[in-house]
Structure formats: C-alpha cells, structure tokens
Amino acid sequence: MDEDETTGEAEPAAESDTEPGETRLVTKARSVPRVVGKVALSLLSVVALAATGYGFVTYHKVQSDVHISDVLDLPADVKAPPSDDGAEDILLVGTDARTDMRGNALPSSVLKQLRTEQSGSLNTDTLIILRIPKSGGKATATSIPRDTWVDIPQSGQAKINSVYAVAKAAAAEGLRGKEDVAAVERDSDQAGRKELVQTVQDFTQVRIDHYAEVNLLGFYLITEALGGVQVCLNHATEDKDSGADFRAGLRTISGGDALSFVRQRKNLPRGDLDRIVRQQAFLSSALHKVLTAGTLTNPSTMGNLTNALGRSLVLDPGFDLLQLAQKARGLASGDVSFDTIPVITINGWSPDGKQSIVQVDPDAVRQYFAGLAGRGSTGSGGGASGGVAPAAYDTPLARTSVDGVQCVN
C-alpha cells in the first residue's frame, strides 16, 4: 500500500507526490522485493483460512459475503492479451475510497477512526499482479508503482493511479439523476475498474484472469480482527499528515495506527524508500500472526476476521477463493516472491513538467512479464525485445530485530 491515502486533505489523483525540494533516492540495481500491502493481507488471510480444516466452513461464508463486480467483462472491441502458460494472473487493487463495498458513504465517525475525511478523490495506490503458476510453483507478486506514467485507452497519458478515478467520474456524470447515490457509486466504480483492467493489460500485455480489490476500511477491519500486529521501530517518529506518533522499540498496532504506520512518508530518513520497508515488515508480521495456530483456531478471532474479509473484498464473478487456496498453498506459508516492475527513474516528470512521475519503458515491462511466463516478449513495434530489462530501485537496509520482529525506520 504505497500511498498517501488518509490525510486530512486527500491527494488529488493527478497531483505530484513530491514535496518542494524533496529528492528521491534511486539506485539502478537489482529489483527490490516490494510489499503487497492491504490487498495481499486480505487474500492471504483467506488462503490461510481455506488451507485449514477449521477454516474450510468459514471460507464459504467469506465467499458468499464478498461483493462481486463483473470487472473483466470488457467491451467486445477490446482485445485482451492471449493466455500464455496456464498460470493465473490476479490484479490486486487497493483504493483510498471513502465508501463501503456497496457504494455507501462511510459515516464521519468511521472516517475519524481511519484518520481521514470525506473527499471526492479516489486513487488506486496499490496495484499488484499476483501470478500463480499452473504447476503450483512459487508465486510472484509484482508491484506497479502508483505514479507510473502510462498510456490510457482513448484518454492519452496519465499516472496509473488516476485511471480508475477518471473513468469513474465520467461514468458518474452520466448516471446522476438516473440512479440513487449508492447505485451511482457502484456503477461508476464498475466503469473505473474496467478501465483500469484494460489499462493494465495494455501496459503489461498480461491477460488478467481475476480481480480483487480492498479499500481503507477493509485494511482497518482486518488489523482490528487480528487483534493488532507487532512492529518495531529503530527510532521514535511522528508525522501530522499521516497521524503517526510512535515511540522506538516493539509495539502492537491496529486500526488507525496501522494505517498511519504503513503510509507515513515524512520525517523518515529516506522518505518513500523507508515507507516501502515498513510495509514489507508489517505484512511479514501480519502473515505470521494469521498463520499462527492460536489465531486460526480461535472462534472469536476467526469470526471477526471472516466478517472483516466479507466486508473488505471486491472480486470478479469467477474468482473462487477455495480454488486459489488449493493452487497456492505456498502463499499461506509465505512462499511468494515480491518484486516491482522495471523502472527507469522515480524522479521523472510528465511531458508538461507539472507532475512527478515514475518513468518506465513499456517494452521492458512487457519483457519482464514475458520472462515470468517463460516466453519471449514482443515490443510495441511487434518484434522480439532482446537484452535485460532495467532493474528497479533498491532499498538496502541493515536488518535488526526484536523478538523476531524486524525493526525499521
């Protein structure tokens, strides 16, 4: 969840994420393992559930309660990339929506707990393609940075985290007056999701087989259901924008504190790079707790977790969570490789010079995903792309821990 999603002043989708005078560190080295964040925590919780005898019955309740969106039903004139090696490619999406999964605005009391306020903006600040091999081998989760500059179908170019919002706003404008407020939210969300799927497919040349989405409320509820997650900080830190105010050392956080922990960027030695490492440490600790026998066999905890998952997830109609669990048991044990797409620089600027962007080479991105599928890639010109895709930026840190919990800045 690489985002600034719950500040009092919500960030407009198209605005720069770079502070005046801020310098972002880039090293062209090996690609760094990236955390998947709140969406992965939701899905992996389900996998852990369905992989246990106790959780089998509970899984059926989760599957029946989640919100379904026919997001993969794209227009007839949209040509999806071909299937390749039989693997399943799942698009994981995290949004900063201030509504529940059925389009109802969150009450002010809930927004206060999330440390945010109502806003007309919406960003998809977490985008990951989770690839599960047909053979049941090691899965890969590849992050697409929120500020990646991409071509939008029939809409020019923009940051990828704005695609959903722009399409949603256009659809909502045409629906107002014809439907009630909640219906406008739901149907315009559908339009936004479809545009996002098409954009990701065009950008990566990966055929998206399934779609999963979770929002701010979902992340909050899951961490609360788990009874908190242990984290460790090297130094005391605070940030008024995110609401972070943490002492050094080991502590257990949930709800609003958890949101603040994973999204704080200011007052960290290396800004966004330290935030990435924080998110990675948080997910590792959370998964450890989900997979702990005491968690999975505690009826109260399981009930709360099941309720949270049911209120948190949006899936496509064909997404069978039990089949996912059966194909990807390795996910439940943490056997997944986290990475990010090849990046030229995170210090780029849009052609008009008004927005800070992540600059990428689309052919290199397609080559990367083609490599995961074990096939040659095809560049935009139709020929085979050769060479090695440029590596993403690295985030090396001296690793320390307390009671098995990784300490971070």
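Since every read-out is calculated from the coordinates, none of them should be taken as a lab result. None of the values given here were measured: they were computed from a predicted structure. Neighbour counts run over all protein chains shown; Cβ positions are idealised from the backbone, glycine included.
Worth a mention:
- Gain in span if fully extended, Lys138 to Ala105, counting 0.36 nm per residue against the direct Cα distance: 8.0 nm
- Each peptide in 304-311, 66-73 gets a packing score, the mean of other Cβ atoms within 10 Å over its residues, and the list from highest to lowest is 304-311, 66-73.
- Cβ charges +1 (Lys, Arg) and -1 (Asp, Glu), total dipole of segment 180-244, debye: 200
- Computed from the Cβ-Cβ distance with R0 of 45 Å, the FRET efficiency linking Ser401 to Gln323 stands at 0.80.
- By average C-beta atoms within 10 angstrom, highest first, the peptides 257-266, 75-84: 257-266, 75-84
- Estimated distance in nm for a label pair at Asp85 and Ser337, the labels positioned 7 Å out from Cα along Cα-to-Cβ: 1.0
- Derived scalar couplings ³J(HN,Hα) [segment 210-225; Karplus, 6.51 cos²θ - 1.76 cosθ + 1.60; whole Hz; x for Gly, Pro]: 8, 9, 9, 9, 9, 10, 3, 4, x, 4, 4, 5, 5, 5, 5, 4
- Taking θ as phi - 60° and the Karplus parameters 6.51, -1.76 and 1.60, the scalar couplings of segment 158-168 work out to 5, 5, 5, 6, 9, 4, 4, 5, 5, 5, 4 Hz in sequence order, x denoting glycine and proline.
- Residue-by-residue Karplus 3J(HN,Hα) for segment 342-353, coefficients 6.51, -1.76, 1.60, Hz, glycine and proline x: x, 10, 7, 7, 9, 9, x, 10, 5, x, 7, x
- Ranked by how many other beta carbons lie within 10 Å on average, peptides 176-188, 148-160 from highest: 148-160, 176-188
- Amide H to amide H, with H built 1.01 Å from N, Ala244 comes under 5 Å of Asp239, counting only residues 5 or more places away or on other chains.
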